[in-house]
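Please read the structure below before turning to the comments.
The values are calculated or read from the model by the stated rules, or taken from the named source; none is laboratory data. Computed from a predicted model, the values in this text were never measured in an experiment. A quick note on method: Cβ atoms are made from the backbone with ideal geometry, for glycine too, and the neighbour counts reach across all protein chains shown.
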Amino acid sequence: MTACASVSAAPAHAADRFISIDGVRLRYRDEGRGPPVLLLHGWTLDLQMWDLQIGSLRDDFRLIRVDRRGHGLSDGTSSTQRDGADLAALCRHLALKRVALIGMSQGARSALQFAATVPAQVRALILDGPPALDREADPDLPLQRYAAVVRSHGIEAFRQEWARHTLTELHTRDPEVRTLLHGMIERYSGNDLKAATTHRVPAAARVRLEAIGAPTLVVSGERDLTSRRRAAQQLAAGLADAELAVVPGAGHLPNLDRPELYSKLCRAFLMRHCSPCDPY
């Protein structure tokens, strides 16, 4: 990394940390050094989905990954509407003035909401497998049926069914990666399904793409759902400064299917747009 007058550093070995926001306790990890990057996981996953990227990125970037509400070891109920406020509170807590964000799937929507609300605070965006943003509900997720499964048969029955969905399908044969994914789904509380929340996005909370000027990399897995690949193309076309990358041989979880290639893509993009010599 280029030597600069100011370097932001996190602990050498990351441990779980917790922040309380409006009475809700959220888990996060903070490691590496350099320009700060917030990493946001998808639905039913948690901050450990980024385990395979940390080693490749931590020497050049400060990586802050968080369990979104209702996921992993965080309390509360999943809410993309609350994610933006949670990220703002975490940035204040860590004294972060400008950040880059990597958002995966539902986490991509959260990253976009944050970027549209405080555009001056966002240096760059990487959006992975985003859902269609022009819908009130995600058509790829039969949430009402999943809520019914939880009510009738319990959370474990849902987990077994969700593990068979195309959005959680892995194309890697690495048993450790499969164990990693299984563990995240097992940690998912299902609070939103138990509360019969539909994940509908109010019109006032929909993303205003015209407010986002940060350079953006939109990522798709080659084997992701056609609807997700189409949504990625539409998103890239709708942003002022965006490029599209496709990860070959990967499904909806390209950072797990092709971790080395995915990390290389992210690192190259962040190095272009997040100079360690800029103030942060």
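Worth pointing out:
- Extreme residue, nearest to the chain's Cα centre (by Cα), among residues of segment 243-264 that are in contact (Cβ under 8 Å) with a residue 24 or more places away in the chain, outside any loop (DSSP other than H, G, I, E, B) and surrounded by fewer than 19 Cβ atoms within 10 Å (Cβ to Cβ): Ser263
- Matching option when the condition is buried (at least 17 other Cβ atoms within 10 Å of the Cβ) and either out of contact with any Lys or Arg (no Cβ under 6 Å at 6 or more places or on another chain) or free of Cβ contacts under 8 Å to residues at least 60 places away in the same chain (or both), among Ala240, Ala231, Ala268: Ala231
- The single condition from (1) over 20 Å from Met271 (Cα atoms); (2) free of Cβ contacts under 8 Å to residues at least 40 places away in the same chain; (3) not hydroxyl-bearing (Ser, Thr, Tyr) that Asp75 fails is (2).
Condition check ((1) buried (at least 23 other Cβ atoms within 10 Å of the Cβ); (2) farther than 25 Å from Leu167 by Cβ; (3) in contact with a helix residue (DSSP H, G or I) (Cβ under 9 Å, 6 or more places away or on another chain); (4) at pLDDT below 95) across all residues:
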residue	(1), (2), (3), (4)
Cys4	no, yes, no, yes
Val7	no, yes, no, yes
Val24	no, yes, yes, no
Glu31	no, yes, yes, no
Pro36	yes, yes, yes, no
Trp43	yes, no, yes, no
Thr77	no, no, yes, yes
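- Members of segment 96-113 that are within 10 Å of His41 (Cα to Cα), of a type in the set (Gly, Ala, Ser) and in contact with a His (Cβ under 9 Å, 6 or more places away or on another chain): Gly103, Ser105, Gly107
- Screening Ala85 with (1) part of a helix (DSSP H, G or I); (2) modelled with pLDDT under 95; (3) more than 18 Å from Ile212 (Cα to Cα); (4) of a type in the set (A, V, I, L, M) gives one miss only, at (3).
- One residue stands out in segment 271-280 among those that are surrounded by 14 or more Cβ atoms within 10 Å (Cβ to Cβ) and hydrophobic (A, V, I, L, M, F, W, C): the one that is modelled with the highest pLDDT, namely Met271.
- Any hit, segment 30-40, residues being in contact with a Phe, Trp or Tyr (Cβ under 8 Å, 6 or more places away or on another chain) and outside any strand (DSSP E or B): yes
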